[in-house]
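Contents: one structure, followed by commentary.
Derivation of every value follows stated rules applied to the coordinates shown; laboratory data play no part. Predicted model only: the values in this text are computed from it and were never measured. Note: ideal-geometry Cβ built from the backbone for every residue, glycine included; neighbour counts use all protein chains shown.
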Amino acid sequence: MNNDNKEGIKKIGELWNTDLNKRTIIKQASAAAGSVSLTSAQFYTPELTPETWLLPKSRQEVLRWARIYFNLEPYIQSIIMFHSRYPFSKFKLIGEDKEIIEYFNDIIDNERWNLYEFILQASLSYHLYGEAIPMGEWDETEKKWKKFILLEPELIEVKQGLFDDKVRFELILTDEIKKQVDDPNVDTSKIPEAMIEAIKSNKNVKLDNENVSMIARLTSPSALRGTPIIQCLFKILIYQDYIRLAQMKIAERHQLPFELWTLGNIDKNILPSDEDLENFKNMLNSAIQNPPFSMVYPPIVDYKVLGVKDKLLNIYEDLGYVENQILVGLGVNKNLILGEGPSFSNTKTISLNKLMMEYQIVRDTFERWIYNHVFRRVSEENNFFIHKGKFKKLILPKIEWEKSLRLDEDDERKVYQELHSKGFVSTKTLFSKFSNLDYDMERRQLEEEKGTIYDKTDGKRIPEKFDHSKDEVRTDKTVGTETGLTPPPPAIEETQSESPLPEMNIGE
């Protein structure tokens, strides 16, 4: 027995004599007296897991990963394209001053730039990279925007001081940009002087805050930069890639069938000699090199082909888990992407209402950007104001989208149509519920059709408030007590002075 063991047994004896309550510990110590091993304390943090070390560290790398997965993963590309396009539709500008509306229409839709197409591009950048950074080109002479372009988020650095309300934008100069400045074939007169000075001093180019803005998908109230929606899927996508790599390695190993030729029969004690094996191998090689071939041999040869069957991993359950994580992370269900299941018109579930609410938030965000960074400066520079007493109000056109994001809009329209038929809602209010109907235009067209072959009711189809040829107001006798509402006061009944037009067949 060595000295270390003797010392250990001596200490155990002392503990036994001093405290009988520790005998359980003493027994454990005596069992381990021969060899004691120490292990480090174990702790967990999500920042130190193996897959976390594989995640991108810089913002440029995060955006690069987002672009790669968007280009290579069909589910991700389809969902993000759906998210970026569905909230928006064609729109028109409305306002009281027609000349101002026409002025704005010329700004947002001309041969150089179209606002609707730009919104779709900015929305794709917003959902893919977590932010869209527009930069406008302002015309000081005509006091209006010439066009807007989207800056690459990877090349923009956003800064803000601790006590500074304004955000500063700086362009990161890449080697490609620097080479263009030094290229003798490039007209340097069109390059801003600030960029040339920044290249010489090896600094970022400071951008004008009047022309540059940002629409960001913020996941933290104090964040300066937006977060790509794909970033929450990076870990699950790494897991998916490892599964596919393992499957590809197996498939690559067995991509060509493995032929197994067996000679002899152990049960019948028929064993080929080395010479027989060599002759059979030479014959087989000669036959394979001259296809097609046939072999005649005694029943002591067995031939098998070993392929990938039963060799590949069963990864369908794992891929199903990954697919569900992608759908959850991107906030949709499978039926919405594949076009299966019920349609929007007969489905009003909580999940669909939640999705429409998210789309409405995105639309409101872009609307706010249009009002504050496109329309506002044009109105201020051109003094588009109206005076109300001591105050003046800036004139901004209102955006009216052709497509509504409300699932209950059809039901609401039916209610307004019923109220209008009973005389409790004005025609102008009813028309406001249909974005494609213009109140003044419909009034003019109804008056033009009066007395034509399309008017089979002698003008009574035209609302009396539009018909200036009659002094009396026609009473709508359908207003009653079915709805429990108080009908409007009766008006003077008009006398029919003209006989109705006879029914006509246009084909006659």
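Shape verdict for the stretch 81-152, please, from the Cα gyration tensor: rounded (a/c under 1.5), prolate (a/b greater than b/c) or oblate. Since a/c reaches 1.5 but b/c is at least a/b, the shape of the stretch 81-152 is classed as oblate. Applying the Karplus relation 6.51 cos²θ - 1.76 cosθ + 1.60 with θ = phi - 60° to the stretch 210-223 yields 3J(HN,Hα) values of 6, 10, 10, 9, 9, 10, 10, 8, 8, 10, 9, x, 9, 6 Hz, where x marks Gly and Pro.
In this structure the amide hydrogen of residue 219, modeled in the peptide plane, comes within under 5 Å of the amide hydrogens of 227, none closer than 5 places in sequence on its chain.
Near the amide H of residue 130, within less than 5 Å, lie the amide hydrogens of 229, all on another chain or at least 5 residues away, with H placed in the peptide plane. A simple rule links phi to the HN-Hα coupling: the Karplus curve 6.51 cos²θ - 1.76 cosθ + 1.60 with θ = phi - 60°, which for the stretch 237-251 gives 6, 4, 4, 5, 5, 5, 5, 5, 5, 4, 5, 5, 5, 5, 5 Hz, with x for Gly and Pro. If the segment from residue 194 to residue 359 were pulled out straight at 0.36 nm per residue, it would be longer than the present Cα-Cα gap by 55.5 nm.
Counting neighbouring Cβ atoms within 10 Å and putting the fewest first, the residues 449, 154, 252 line up as 252, 449, 154. In loop segments of the stretch 358-444 as defined by DSSP, the GluC sites (Glu not before Pro) with at most 13 further C-beta atoms inside 10 Å of their C-beta are 402.
Counted by neighbouring Cβ atoms within 10 Å, the residues 227, 349 run from fewest to most as 349, 227. Per-residue packing, averaged as other Cβ atoms within 10 Å, sorts the ranges 236-243, 383-390, 89-96 into the order 236-243, 89-96, 383-390, beginning with the highest. In terms of its alpha-carbon gyration tensor, the stretch 253-298 comes out oblate; a/c meets the 1.5 threshold, while b/c is at least as large as a/b. As a proxy for reagent exposure, 83, 373 were ordered by neighbouring Cβ count within 10 angstrom, fewest first; the result is 373, 83.
Residues whose amide H falls under 5 Å from that of residue 151, counting only those 5 or more places apart or on a different chain, are 133, 135, with hydrogens built in the peptide plane. Once you reduce the stretch 78-140 and the stretch 207-243 to the center of their Cα atoms, the two points are 21 Å from each other.
Overall form of the stretch 316-418: oblate. Here a/c, set by the Cα gyration tensor axes a ≥ b ≥ c, is 1.5 or more, and a/b is not larger than b/c. Looking at the stretch 179-227, the GluC sites (Glu not before Pro) that sit in a DSSP loop and have at most 10 other Cβ atoms within 10 Å of their own Cβ are 210. For the peptides 115-125, 57-67, 314-324, the ranking by packing is 115-125, 57-67, 314-324, with the highest mean count of neighbouring Cβ atoms within 10 Å listed first. Between residue 105 and residue 49, the contour length at 0.36 nm per residue exceeds the alpha carbon distance by 14.7 nm.
Applied to the stretch 321-333, the Karplus parametrisation 6.51 cos²θ - 1.76 cosθ + 1.60 on θ = phi - 60° returns per-residue 3J(HN,Hα) values of 5, 4, 4, 5, 5, 5, 5, 5, x, 9, x, 9, 10 Hz, with x for Gly and Pro.
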